[in-house]
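The values are calculated or read from the model by the stated rules, or taken from the named source; none is laboratory data. What you see is a predicted model; the values in this text were computed from it and never measured. So basically every Cβ, Gly included, is an ideal-geometry build from the backbone, and we count neighbours across all protein chains shown. Side chains are part of the model used for accessible areas, which takes the heavy atoms of the whole protein and leaves out ligands, DNA and RNA. Shrake-Rupley method; radii C 1.70, N 1.55, O 1.52, S 1.80 Å.
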Amino acid sequence: MSIAIFFGSTTGNTENAAEMIQKEMGDLVTTMADIIDIEPADFLKYDVLMIGVPTWDIGELQCDWEDFIPRLEGLDLSGKKVALFGCGDSYGYTENFLDALGLLWDELKKLGSPELIGIWPTEGYTYEASKGEFDDKHFLGLGLDEENQPELHEERIKAWTTQIRGELGLA
């Protein structure tokens, strides 16, 4: 099984999260790259895509993702497993915390119906609304809040990567 981590990052927070995830996943991850350094077809080379996206501005996609998404048109991600992780600010942007998770998933799920894995509980987060919710008790993936809860990153990443390994049958 081949696993890649792809991310977009402006301030370095999502890149740091990707590095922490890579460390936890160990040799299971065959590739890690910033999306500005890859082509959309690179998504097709891997069975599992761990994708990092920060929520930027007021509920927007980070600019590298805004540029990359239109280039995904025509890609078929059928049979791929996708695990999302994202950074947001739950206090400063409480009405659109982790919106980018939802914006990105809305685009990816159109590309041949990939399987979403790594759905993460909303418990422990304080916010008002999010397009990044899977349902009223879960996010579409791991949520990290560098501004307000950085002390929880290590614990959350360890738990999430353990969950991912379990979902992939690699526990």
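Just a few scattered comments:
- Taking region 74-94 as the range and being over 21 Å from residue 29 (Cα atoms) and touching a helix residue (DSSP H, G or I) at 6+ places or on another chain (Cβ under 6 Å) as the test, only 75 passes.
- Subset of region 128-161 (residues that are open to solvent by 40 Å² or more (accessible area, probe 1.4 Å), free of Cβ contacts under 8 Å to residues at least 40 places away in the same chain and more than 16 Å from residue 103 (Cβ to Cβ)): 128, 135, 136, 137, 138, 150, 151, 152, 155, 159
- Candidates 59, 12: the one that is of a type outside the set (Val, Ile, Thr) and buried (at least 20 other Cβ atoms within 10 Å of the Cβ) is 59.
- Of all residues making up region 47-73, the number that are out of contact with any helix residue (DSSP H, G or I) (no Cβ under 9 Å at 6 or more places or on another chain), free of Cβ contacts under 8 Å to residues at least 12 places away in the same chain and in a loop (DSSP other than H, G, I, E, B): 1
- For region 62-80, the set of residues classified as of a type in the set (D, E, K, R) and surrounded by 13 or more Cβ atoms within 10 Å (Cβ to Cβ) consists of 64, 66, 67, 80, listed by residue number.
- For region 19-40, filtered to residues that are without any contact (Cβ under 8 Å) to a residue 60 or more places away in the chain and under 19 Å from residue 159 (Cβ atoms), the residue that is surrounded by the most Cβ atoms within 10 Å (Cβ to Cβ) is 29.
- Meets criteria (open to solvent by less than 50 Å² (accessible area, probe 1.4 Å), over 14 Å from residue 51 (Cα atoms), among the hydrophobic types (A, V, I, L, M, F, W, C) and out of contact with any strand residue (DSSP E or B) (no Cβ under 8 Å at 6 or more places or on another chain)) for residue 171: no
- Yes/no for residue 43 being in a helix (DSSP H, G or I), of a type outside the set (D, E, K, R) and crowded, with 18+ Cβ neighbours inside 10 Å: yes
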